[in-house]
Amino acid sequence: MIELRDIKDAVSLKLSSEFKEYEIYDEEIRQGFDPPAFFIQVIPISTVRSNMFTKNPSLTVDIHFFPKTECNDDLYDMENKLEQSFVNGIKVKDRYIDILKTECQIVDFVLHFQISLDYLVSIRDQINKDTQNYELMKEVQFNKEVIK
């Protein structure tokens with residue numbers, strides 16, 4: 001089962017492999033860090049039960065990029081690079097998750113690159129585990145009377 005931590009780790013791994021020269025923070029923005037750097041925040045939106053055996057989580061991953069200098073052109077370039085990095089989705093554990101939508105904004109010379117994810121998770125094992133403590137029916141009798 002994919003958990004939020006798995007998605008955060010997958011985004012962190014993707015960034016660290018494609019942007020080796022930048023520091024990546026995935027917990028909190030620490031005061032006194034040296035830019036350029038990335039900060040990753042996972043924001044759960046909702047989880048909908050698709051059917052008895054699956055659920056459908058939706059979430060946003062907000063990637064903040066702090067540039068070395070306060071220059072919007074550097075931020076525009078980074079937005080293009082991030083867009084290209086995530087165009088084919090992201091590998092999380094043994095699956096690829098499609099990126100539904102990306103959004104970008106610049107606030108106080110910090111790039112906020114947001115990716116929206118929507119995926120299915122099987123909960124069959126959890127349901128089976130929860131029902132193991134119940135006694136199964138041993139004999140069922142049916143009444144075959146036909147009503148006209």
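The values are calculated or read from the model by the stated rules, or taken from the named source; none is laboratory data. A quick note: this is a predicted structure, and the numbers were derived from the prediction, not measured. All Cβ positions, even for glycine, are placed from backbone atoms using ideal geometry, and neighbour counts span all protein chains on display.
What strands (runs of 3 or more DSSP E), lying completely within the range 1-85, carry at least 2 residues that are closer than 19 Å to residue 117 by Cβ?
Ranges flagged: 37-49, 54-66.
Of all residues in the range 16-54 being of a type outside the set (Val, Ile, Thr) and under 14 Å from the mean Cα position of the chain (by Cα), which is surrounded by the most Cβ atoms within 10 Å (Cβ to Cβ)?
Across the range 16-54, the extreme among qualifying residues is 41.
Does residue 117 fit the bill of being at pLDDT below 95, part of a strand (DSSP E or B) and not polar (S, T, N, Q)?
Yes, satisfied.
Per-residue answers, yes or no, for (1) surrounded by 15 or more Cβ atoms within 10 Å (Cβ to Cβ); (2) modelled with pLDDT of 90 or more; (3) over 19 Å from the mean Cα position of the chain (by Cα):
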site: 80; (1), (2), (3): no, yes, yes
site: 101; (1), (2), (3): no, yes, no
site: 124; (1), (2), (3): no, no, yes
site: 133; (1), (2), (3): no, no, yes
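Scan the range 137-146 and give yes if some residue there is of a type in the set (D, E, K, R) and surrounded by 13 or more Cβ atoms within 10 Å (Cβ to Cβ), otherwise no.
No, the range 137-146 contains no residue that is of a type in the set (D, E, K, R) and surrounded by 13 or more Cβ atoms within 10 Å (Cβ to Cβ).
Would you point out the residue of the range 55-73, among those that are of a type outside the set (A, V, I, L, M, F, W, C) and farther than 30 Å from residue 124 by Cβ, that is surrounded by the most Cβ atoms within 10 Å (Cβ to Cβ)?
67
Kindly evaluate residue 142 against the criterion of being aromatic (Phe, Trp, Tyr) and either assigned to a loop (DSSP other than H, G, I, E, B) or more than 23 Å from residue 7 (Cβ to Cβ) (or both).
So residue 142 fits the description; yes.
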